[in-house]
1. Only one of (1) farther than 28 Å from ALA2 by Cα; (2) in a strand (DSSP E or B) is not met by ARG43, so which one is it?
2. For segment 57-70, state whether one or more residues are without any contact (Cβ under 8 Å) to a residue 12 or more places away in the chain and assigned to a strand (DSSP E or B).
3. Looking only at segment 17-40, how many residues end up being charged (D, E, K, R), under 15 Å from ILE91 (Cβ atoms) and assigned to a strand (DSSP E or B)?
4. Count, please, the residues in segment 11-33 that happen to be in contact with a strand residue (DSSP E or B) (Cβ under 8 Å, 6 or more places away or on another chain) and modelled with pLDDT of 95 or more.
5. Pick from ILE60, ILE88: which is over 10 Å from the mean Cα position of the chain (by Cα) and surrounded by 12 or more Cβ atoms within 10 Å (Cβ to Cβ)?
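The values are calculated or read from the model by the stated rules, or taken from the named source; none is laboratory data. Note that the structure is a prediction, hence the values are computed from the model and not measured. Here the Cβ positions follow ideal geometry from the backbone for every residue, glycine too, while neighbour counts run over all protein chains shown.
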Amino acid sequence: MAVLTDEQVDAALPDLNGWERVDGALRRSIKFPSFLAGIDAVRRVGEHAESKDHHPDIDIRWRTVTFALVTHSEGGITEKDVAMAHDIDGIVAS
């Protein structure tokens, strides 16, 4: 799978809720109403990521969870990352 160009990533960002490009990855931080709500979202994202065999980097800081996506094997952001960002948006919204 090919790494997306800067232009392709820029074109994808408006369709991604709260995502930005930071240090070569797609990144979104979400503040949840409680610590356990954030943990539950991480669990649901983790189950989905496992089924897709594409795993985000996840940082948990009390009620704030940050998801970062990059296809390490390709050395950059790919369509897989954009698709997973959309999936994460749907998971955390439910």
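1. Exception for ARG43: condition (2).
2. Looking through segment 57-70, at least one residue is without any contact (Cβ under 8 Å) to a residue 12 or more places away in the chain and assigned to a strand (DSSP E or B).
3. Number satisfying all stated conditions: 1.
4. Residues that pass the stated criteria total 16.
5. Of the residues listed, the single one that is over 10 Å from the mean Cα position of the chain (by Cα) and surrounded by 12 or more Cβ atoms within 10 Å (Cβ to Cβ) is ILE60.
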